[in-house]
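Heads up, the thing below is written out as structure tokens.
The values are calculated or read from the model by the stated rules, or taken from the named source; none is laboratory data. Not measured: the values here are computed from a predicted model. Glycine also receives a Cβ, built like all others from the backbone with ideal geometry; neighbour counts cover every protein chain displayed. Note: accessible area is taken over every heavy atom of the protein model, side chains too, but ligands, DNA and RNA are not part of it. Shrake-Rupley method; radii C 1.70, N 1.55, O 1.52, S 1.80 Å.
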Amino acid sequence: MKSSKKIKLQNEKVCFYTGCTLNLDKHHIFGGHAFRKKSEEYGMYVYLRHDIHMRLHQHDYSMELELKRFAQKKFEDVYGHEEFMKIFKKNYL
């Protein structure tokens, strides 16, 4: 198995939206059973304050799409669009 370069979406362990350092959850941007491992492998996660994380999982689609677009751009800066599509299967841009 080839080694994947982890992409850093954040420089610090703080809430992506608020900068808060308390009550954080790790949010895998491309989640679900199929992509959670790949999100971890490639660094496609951010930290969110717990209440924000729960809101996102209660289907805040605009926030979810914003994070997916952000992560896809960062991924493609390193690996390119073709590799993103090969791994995560859907274009969010």
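Which ones in the stretch 83-92 are open to solvent by 70 Å² or more (accessible area, probe 1.4 Å) and either modelled with pLDDT under 95 or within 14 Å of Lys38 (Cβ to Cβ) (or both)? Full working, then the answer.
Of all residues in the stretch 83-92, those open to solvent by 70 Å² or more (accessible area, probe 1.4 Å) come to 86, 89-91.
Lys86, Lys89, Lys90 - these are the residues of the stretch 83-92 that are open to solvent by 70 Å² or more (accessible area, probe 1.4 Å) and either modelled with pLDDT under 95 or within 14 Å of Lys38 (Cβ to Cβ) (or both).
Take the residues in the stretch 17-47 that are among the hydroxyl-bearing types (Ser, Thr, Tyr) and over 14 Å from the mean Cα position of the chain (by Cα), then tell me which one is nearest to Lys74 (Cα to Cα).
Kept after step one, since they are among the hydroxyl-bearing types (Ser, Thr, Tyr), are these residues of the stretch 17-47: 17-18, 21, 39, 42, 45, 47.
Next cut, over 14 Å from the mean Cα position of the chain (by Cα) only: 18, 21.
Values: Thr18: 20, Thr21: 23 Å.
The selected residue is Thr18.
Quick check on Glu41: is it acidic (Asp, Glu) and within 15 Å of Asn91 (Cα to Cα)? Outline the logic, then answer.
Working: acidic (Asp, Glu): yes; within 15 Å of Asn91 (Cα to Cα): no.
Judged against the criteria, Glu41 is not a match.
List the number of the failed condition for Gly80; all other conditions in (1) open to solvent by less than 60 Å² (accessible area, probe 1.4 Å); (2) touching a Phe, Trp or Tyr at 6+ places or on another chain (Cβ under 7 Å) hold. Gly80 satisfies every listed condition except (2). Among residues of the stretch 17-64 being closer than 15 Å to Ser4 by Cβ and basic (Lys, Arg), the one that is most open to solvent (accessible area, probe 1.4 Å) is Lys37.
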